[in-house]
1. Figure the gain on full extension for residue 93 and residue 122 (residue separation times 0.36 nm, minus the Cα-Cα span) and round it to one decimal in nm.
2. If N is the number of residues in the stretch 37-147, what value comes out of its Cα radius of gyration divided by 2.2 N^0.38 Å?
3. Please give the net charge around residue 125, taking every other residue with its beta carbon less than 12 angstrom from that of residue 125, where Lys and Arg add +1 and Asp and Glu add -1.
4. Under a point spin-label approximation (7 Å from Cα along Cα-to-Cβ), what is the residue 49-residue 3 distance to one decimal in nm?
5. Hey, what did the stretch 37-147 get for relative contact order, percent, Cα under 8 Å, at least 6 apart?
6. Can you give the FRET efficiency for residue 67 and residue 42, using 1/(1 + (r/R0)^6), R0 = 35 Å, r = Cβ-Cβ distance, to the nearest 0.05?
7. When a footprinting reagent is the concern and you count Cβ atoms within 10 Å, what order do 135, 26 take, fewest first?
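The numbers here are math on the coordinates, done by the rules we state, and not lab data. Since this is a predicted model, take the numbers as computed values, not measurements. Here the Cβ positions follow ideal geometry from the backbone for every residue, glycine too, while neighbour counts run over all protein chains shown.
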Amino acid sequence: MRLSKRGWNNVLIFAVLIVVFLFNFSHKLLLQPKVHERTLISNDAMIVEIKTPDFSIKRVGRSWISEPNLGLSEHQLSLLVQNWQTLPLQTKNAQVAPKDPFIMQVYTANEAQPIIVKLIQEGDDYLLQTDQQMSLFLSAEQLPLFLGR
């Protein structure tokens with residue numbers, strides 16, 4: 001390949017520019033935090049009842065009722081229960097010993113024991129913890145999607 005001095009200079013300039021862009025963009029890609037999301041309750045489980053200290057939501061046939069009455073329609077209760085299985089939430093590391101968690105129990109048709117869900121307030125936002133390893137981040141705006149208020 002026969003290039004003039006000026007031609008080789010241009011090749012060198014473009015090669016350096018390409019290397020600079022590669023390093024710049026690879027650095028940004030490597031530093032991006034990896035966000036993992038999952039739902040609170042597996043979509044495979046069939047929720048039968050959700051119990052909180054204040055109220056419970058029960059499946060009666062194909063519909064849902066709340067005790068005491070939350071003022072939500074049957075359709076709204078159905079959507080609320082559906083959110084527990086379909087709304088993706090960001091995962092975080094679990095807190096070791098949360099202070100005064102709001103304990104909820106989710107009964108499913110597949111399991112004899114309920115799934116224990118701890119709601120932990122963290123500033124204006126919340127964490128939902130179902131096991132010792134992982135918590136799910138819940139913003140204050142998302143809270144009514146899970147508790148109806």
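1. Numbers: separation 29, 0.36 × 29 = 10.44 nm, distance 1.31 nm.
So the extension gain works out to 9.1 nm.
2. Values: Rg = 13.5 Å, N = 111, 2.2 N^0.38 = 13.2 Å.
Relative to the rule-of-thumb radius for its length, the stretch 37-147 sits at 1.03.
3. On the way: positive: 92; negative: 122, 124, 141.
Within the 12 Å Cβ shell, the charges total -2.
4. If labels sit at residue 49 and residue 3, their model points lie 7.7 nm apart.
5. On the way: 198 pairs, mean separation 30.8, N = 111.
Reported relative contact order: 28 percent.
6. Working: r = 25 Å, r/R0 = 0.72.
For R0 = 35 Å, the calculated efficiency reads 0.90.
7. On the way: 135 23, 26 10.
Result, fewest neighbours first: 26, 135.
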